[in-house]
């Protein structure tokens, strides 16, 4: 009996320590470079459905911050189109822009970052799996 209780306690502890299904975890920053422009997406919120999400988008060109861009996200669920979900980002200086949006359900999502400046548009897409 004691061994079974100890086993269950160890199993529960390991599940909690590993984060279970990933709920409540803030994803690591991701970035892509397109034509000398780096678009870095930093999530400030854990992946969660029906909860406000906050992202910081860092835009640099050849290593220098870009502060004069129009930046927005396109948040889409490829397996089930969810309609328009394109939050605009507000500039904060030093190449940083902040946007807020929402994942309306759990599953696979694509977040595309768009930055337009000097007459050219740059785009990078990133995939996330939102826990159910």
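The values are calculated or read from the model by the stated rules, or taken from the named source; none is laboratory data. What you are looking at is a predicted structure, and each value in this text was computed from that prediction instead of being measured. Glycine also receives a Cβ, built like all others from the backbone with ideal geometry; neighbour counts cover every protein chain displayed.
Here is how the numbers come out for the structure above:
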{"quantity": "Residues (at pLDDT 90 or above and assigned to a loop (DSSP other than H, G, I, E, B)) located in the stretch 19-30", "calculated": "27, 28, 29"}
{"quantity": "Selection count, the stretch 62-101, where residues are buried (at least 16 other Cβ atoms within 10 Å of the Cβ) and within 22 Å of residue 120 (Cβ to Cβ)", "calculated": "13"}
{"quantity": "Test: residue in the stretch 95-102 that is in contact with a strand residue (DSSP E or B) (Cβ under 9 Å, 6 or more places away or on another chain), at pLDDT 95 or above and outside any strand (DSSP E or B)", "calculated": "yes"}
{"quantity": "Residue satisfying condition, being more than 16 Å from residue 33 (Cβ to Cβ) and outside any loop (DSSP other than H, G, I, E, B), within set 111, 59", "calculated": "111"}
{"quantity": "Subset of the stretch 31-49 (residues that are surrounded by fewer than 16 Cβ atoms within 10 Å (Cβ to Cβ), in a strand (DSSP E or B) and under 11 Å from the mean Cα position of the chain (by Cα))", "calculated": "31"}
